[in-house]
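Chemist: Structure provided below as structure tokens; questions to follow.
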Amino acid sequence: MQDQHIASAFDRDLEAIQAQIMKMGGLVENAIMEAAISLETRDEERAEAVRSADKAIDNLEELINEEAARVIALRAPIAVDLRLVLSVIKVSANLERIGDYAKNLAKRTSVLSQMAPVDDSAGALRRMAKEVERMLKDALDAYVNRDAELAQDVIDRDTEVDQMYNALFREFLTFMMEDPRNITACMHLHFIAKNIERMGDHVTSIAEQVVYLVTGTIPDEARTKADKTSLPA
Amino acid sequence: MNDMRILERDVDTKEVKIAARDVQVYYGTNHAIKDVSVDIEDKTVTAFIGPSGCGKSTFLRCINRMNDTIDVCRVTGDIRIDNQDIYDPRVDPVQLRAKVGMVFQKPNPFPKSIYDNVAYGPRIHGLARNKADLDDIVEKSLRRGAIWDEVKDRLNAPGTGLSGGQQQRLCIARAVATEPEVLLMDEPCSALDPIATAQIEELIDELRQSYSVVIVTHSMQQAARVSQKTAFFHLGNLVEYGETGTIFTNPVDPRTESYITGRIG
């Protein structure tokens, strides 16, 4: 298939909209890591910066949706072009949610830094966040390069994030049973772990959009469920 | 890259090229255009849309006084190009039409060679001093019409021997040969296949770097694709005029919305 449309303005519209996605992705990657680092280093100022930076992410989502609506209205995209525009709308929504989770992480950091640290859980959360951030980076690379294989790899790697969450879940449970004074901190830390796990789900959803964009079909849910905390013990 | 795109939308100057005020057109007793006032910008593609018989072609034809050729047609009101009244008795319609080029629905090349089709206008308006000059104008115009590569080896072949899409691009080349400032297009793609249509649309997008282009089209998608400004006509009235993106995503007038969404015709 030829890469270029005869109408070059159409190509420029599509490129511009994807460039906005990449810009948004960069901001979200940064938010994840900054939030996790501020949690580990108990840096309230840094956490505050993450919270205020979320506005830019939200604005970008709005802009992307407006542009996508404009392209649909003016260009009536079909086939691969239609899939691209649809994927752009979904990916921007996923990114926006990840941004919200990072913001929530930063909010809890402000509370947690007033309390005694619970073991090395902050370090473990940072490693988990790092893994999600790497997955997001790969998912976005796969998006730009239309690389379904890399996207599938990202989908598979979400299992690891789920396993990390499982381990932390049990750890927090143990801490709380050992000493009820840990409950407040552990509840916050557990929500953070759960939020990072949810970020991984949204990254997976982005990777699925890449597969859809390249192949035209959404991959089935063949992935084994690794988050078993919701199942009866 | 997004910034680039937004910038591109912004380059459209806000300079008014054609200003129409209270224009009325009558065909005998039929009131075809009612009180139309509109400012058409320079270096912008403006699309006129609306159902058949709504007056969009009639209004287009007022801009280069093509309606003068119809005996029963009467035009009142004020139409100015670069602030000059084009219905002033001192204005020579032939000179006006050199400045305001037109491309019609059906490709209508002269029964002459490809070269002579393009050279005709510059010759009668004395735009070329010698043969080399004229050759230059012909080549430049054919290039602008995005047809040079296809015809450069057969410039002496008859223009009527080209395919429909090529003939229409030849007509566009012919229209731009006199260096017009305004280009009027009356459904230029309605007789063409999708590829030729896309080529003409791409060409229109390029032409707007230098001209004010006004296009009448029955295809709403075409209006959406090529124009920056859209005017919706209905029953001789100009119902709504605005930025194309706005008209097609969030029109103000309920009649516009009904028409573009296929609820009234």
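The values are calculated or read from the model by the stated rules, or taken from the named source; none is laboratory data. From a predicted model like this one, the values you see are computed outputs, not experimental measurements. All Cβ positions, glycine included, derive from the backbone under ideal geometry; neighbour counts span all protein chains shown. Note: accessible area is taken over every heavy atom of the protein model, side chains too, but ligands, DNA and RNA are not part of it. Shrake-Rupley method; radii C 1.70, N 1.55, O 1.52, S 1.80 Å.
Chemist: How about segment A:5-22: which of its residues lose at least 10 Å² of accessible area in the presence of all protein chains relative to their chain isolated, using a 1.4 Å probe?
Modeler: Those are A:I6, A:A7, A:S8, A:A9, A:R12, A:D13, A:E15, A:A16, A:A19, A:Q20, which lose 10 Å² or more relative to the chain on its own.
Chemist: Using a/c under 1.5 as the rounded threshold, could you call segment A:8-215 rounded, prolate or oblate? The axes a ≥ b ≥ c are square roots of the C-alpha gyration tensor eigenvalues, and prolate needs a/b larger than b/c, oblate otherwise.
Modeler: Note, shape of segment A:8-215 comes out prolate.
Chemist: Interface B/A, total buried accessible area with a 1.4 Å probe, nearest 100 Å²?
Modeler: 1700
Chemist: Which positions within segment B:198-240 get 20 Å² or more of their accessible surface covered by the other protein chains, compared to the chain by itself, with a 1.4 angstrom probe?
Modeler: Buried-area filter returns B:A198, B:E202, B:D205, B:Q221, B:A224, B:R225.
Chemist: While we're looking at this one, here's another question. Counting only heavy atoms of the protein chains, get the accessible area per residue of segment B:2-260 (1.4 Å probe) and round it to a whole Å² value.
Modeler: Here the residues of segment B:2-260 average 44 Å² of exposed surface.
Chemist: Placing +1 on the Cβ of each Lys and Arg and -1 on the Cβ of each Asp and Glu in chain A, which of A:A16, A:T229, A:L86 has its Cα farthest towards the positive end of the resulting dipole?
Modeler: A:T229
Chemist: Quick one: work out the % antiparallel among DSSP beta bridges in segment B:122-265, nearest 5.
Modeler: DSSP beta bridges in segment B:122-265 are roughly 55 percent antiparallel.
Chemist: Compute the distance in nm between two label points, each set 7 Å from the Cα along the Cα-to-Cβ direction, one at A:V80 and one at B:T261.
Modeler: 3.3
Chemist: Using the alpha-carbon atoms, what tilt in degrees (0 to 90, nearest 10) does helix A:148-178 show relative to the longest principal axis of chain A?
Modeler: 20
Chemist: Using a 1.4 angstrom probe on heavy atoms only, work out the carbon and sulfur share of the accessible area of segment A:153-210 in %.
Modeler: Here carbon and sulfur together make up 58 percent of the probe-accessible area.
Chemist: Near A:E45, within a Cβ-to-Cβ distance under 13 Å, what is the net charge of the other residues, with Lys and Arg +1 and Asp and Glu -1?
Modeler: Local charge sum for A:E45: -1.
Chemist: Please list the non-local residues whose amide H lies under 5 Å from the amide H of B:I215, H modeled 1.01 Å from N, same-chain partners needing a gap of 5 or more.
Modeler: B:T46, B:A47, B:F48, B:M185
Chemist: Dipole size in debye (nearest 20) for the protein assembly as shown around its Cα centre, Lys and Arg Cβ +1, Asp and Glu Cβ -1?
Modeler: It works out to roughly 1520 debye.
Chemist: Report the calculated FRET efficiency for B:S219 and A:Q114 (r = Cβ-Cβ distance, R0 = 56 Å), to the nearest 0.05.
Modeler: After rounding to 0.05, the efficiency reads 0.30.
Chemist: What are the ³J(HN,Hα) couplings of segment A:39-47, residue after residue, when phi is run through the Karplus curve with 6.51, -1.76, 1.60 and θ = phi - 60°? Round to Hz, x for glycine and proline.
Modeler: Taking θ as phi minus 60°, the curve returns 5, 5, 8, 6, 9, 5, 5, 5, 5 Hz for segment A:39-47.
Chemist: With helices defined as uninterrupted DSSP H runs, which ones in chain B have an alpha carbon span along their own long axis of at least 27 Å and mean Kyte-Doolittle hydropathy of at least 0.0?
Modeler: Both cut-offs are met by no helix.
Chemist: Segment A:63-89: which residues show an accessible-area loss of 30 Å² or more, assembly versus chain alone, 1.4 Å probe?
Modeler: Buried on complex formation: A:E67, A:R70, A:A73, A:L74, A:R75.
Chemist: Using θ = phi - 60° and the Karplus relation 6.51 cos²θ - 1.76 cosθ + 1.60, list the HN-Hα couplings for segment A:123-132 in order, rounded to whole Hz, with x at every Gly or Pro.
Modeler: x, 5, 5, 5, 5, 5, 5, 4, 5, 5
Chemist: Using each residue's phi in segment A:101-116, evaluate 6.51 cos²θ - 1.76 cosθ + 1.60 at θ = phi - 60° and report the 3J(HN,Hα) Karplus result to the nearest Hz, with x for Gly and Pro.
Modeler: Computed from phi, the couplings for segment A:101-116 are 5, 4, 5, 5, 4, 5, 4, 5, 4, 4, 6, 5, 5, 7, 10, 5 Hz.
Chemist: Moving on. So what is the accessible area of segment A:8-215 per residue, in Å², with the probe set to 1.4 Å?
Modeler: I get 42 Å² per residue for this part.
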